[in-house]
Amino acid sequence: MVERKEWYKLDLSAIVYPTLQRRDFSSVYRLSVLLKEEIQPELLQKALDRTMPRFPTYKVAIRRGLFWRYMEPNDRPGPFVKPDIGNPCQPMSFRGQNRYLVRVYYYHNRISFEAHHSLGDGTGGMCLLMTLTAEYLRLLGHEEIKNGGFVLDVNEKPDPEELEDAYMRYAKSKICPPRPGEKTYRVRGTKEPFYTLNIIDGIMPTSEVVKVSKKYQASITEYLNAVLLYALLQKQAEDRHFSLRPVRIAMPVNLRRFFPSKTLRNFITMVYPGVDPRLGEYTFEEIVTQVHHYMRYYVNDKFLRADITTNARTQSHPLIRIVPLFIKDLVVRSFYAKVQDRNSSAGLTNMGAMAVDESMKPYIERFDICMGQPFSSRTNCAVISFQDTLTINFASSIVEADVERYFFRKLVKDGIHVKIESNREEPDYHLNKLLREE
């Protein structure tokens, strides 16, 4: 008898990502760890081969059914580690690279992991990257590396809870709150050639960011959201539009903070802190206050449960369940492009401080995170910290870097020492000049 393969339904968030797939856009994110020694590709490949079976929802191919897409185990050769490339987060074809939707790159002392968002969010991806890194360090002879936290035991079978769609367990609110519907300000700029992704990294001491955030009586996330809103308001004023629009940021919230779950799949939802300049001119202190109170009001288990219930009810509606997949794709793609994507001016995600076991800390320099290609012409911002190093990464597909300039100038003005790195090679775009006064 032929053994039947296990297959998985796409989780509540993952359903959307394949629908939005197009030639110049793919929902790919990147996580990187910088070690203190040069990477040995052969050992990294061996570590990857040992690690992938521990993550069955990442060792899959996405298939297309009549009504829904689904994931099935992928036993083809791969994935294979490769030298890094200049423009990360390239589109992923569901049929390319032996149907794998993950990539692993190396460059000097950096290991980078890219994944399609259909497989999981940053928490699941970080578990895979850290488990891979731990296995690689052990192959180098560092047998003292322990499991725990983001590092899973590659010899253990996956916990069934790691594979669940956690949304469906907690989507039990009695009401569904309204979503923001008004169009926001959008940054206009010169579009780069096909899939040129401009990366700007700001590296700074975590302690300085903490000190400044406390000065404004805000958390790091609230402070950085306020700085990005401040930069966007300045950019809108510089553009001199005939009419002002609200400025909002799309910020993912890790639901594991509020609802216990071990899932390695997607378990996030979006909130939209913002300000409306039509009400009057905002000082930076007023922006921080606005963001602070927004977060306190919306980022709690009551509102977040209601938010995910809205999506769950849409998916489980009897009429939607029987609509063919190609019609669902047309409707979702149109809604996202005309409504959902216009609800925010930029994106910001903060993975917070990386918790790393003491046995592993001596071998790690820092972490990077990149949200990848935006759906439309705007910039996305991602934040991660390790010990006293905090990295803020911007990714955009337009030539102009005005928002990034305003953002980092504000940090410097607040007394934070920022080092800029970028994948841009042209002298005119060398981004240390973003911190100079014109």
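Rule-based calculations on the coordinates, nothing more; no lab input. This structure is a prediction, so every number in the text was calculated from the model and none was measured. Here Cβ is always computed from backbone atoms with ideal geometry, including for glycine, and neighbour counts include all displayed protein chains.
A compact table of results
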item	result
Ascending count of other beta-carbon atoms within 10 Å, so fewest first, for Arg30, Arg313	Arg313, Arg30
Cross-link reach list, lysines versus Lys361, counting only Cα pairs under 16 Å and skipping chain neighbours closer than eight places	Lys36, Lys146
In nm, spacing of pseudo-spin labels at Arg257 and Leu139 (7 Å Cα→C-beta vector)	3.5 nm
GluC sites (Glu not before Pro) lying in DSSP loop within segment 211-312, provided at most 13 other Cβ fall within 10 Å	Glu281
Positive dipole terminus of segment 160-255, leading residue within Pro193, Ser173, Thr206 (C-beta point charges)	Ser173
Using a Förster distance of 56 Å, the FRET efficiency for Gln40-Glu182 (Cβ separation, nearest 0.05)	0.60
Distance (nanometres) between label positions extended 7 Å along Cα→Cβ at Arg313 and Phe335	1.3 nm
Förster radius 41 Å - calculated FRET efficiency between Asn423 and Arg76 (Cβ-Cβ, nearest 0.05)	0.85
Order of Ile249, Ile85, Ile145 under a 10 Å beta carbon neighbour criterion, fewest first	Ile85, Ile145, Ile249
Qualifying lysines (Cα of each under 22 Å from Cα of Lys211; at least 8 residues distant if same chain)	Lys410, Lys413, Lys419
Order of Ser334, Ser219 - criterion: other Cβ atoms within 10 Å of each residue's Cβ, fewest first	Ser334, Ser219
Candidate aspartates and glutamates - alpha carbon under 13 Å from Lys82, same-chain residues fewer than 8 apart omitted	Glu42, Glu114
Of all DSSP beta bridges in the chain, antiparallel share, percent nearest 5	85 percent
Rounded to the nearest 20 debye, dipole of the chain from Cβ charges on Lys, Arg, Asp, Glu	1720 debye
Segments 395-405, 159-169, 102-112, 36-46 sorted - mean Cβ within 10 Å per residue, highest first	395-405, 102-112, 159-169, 36-46
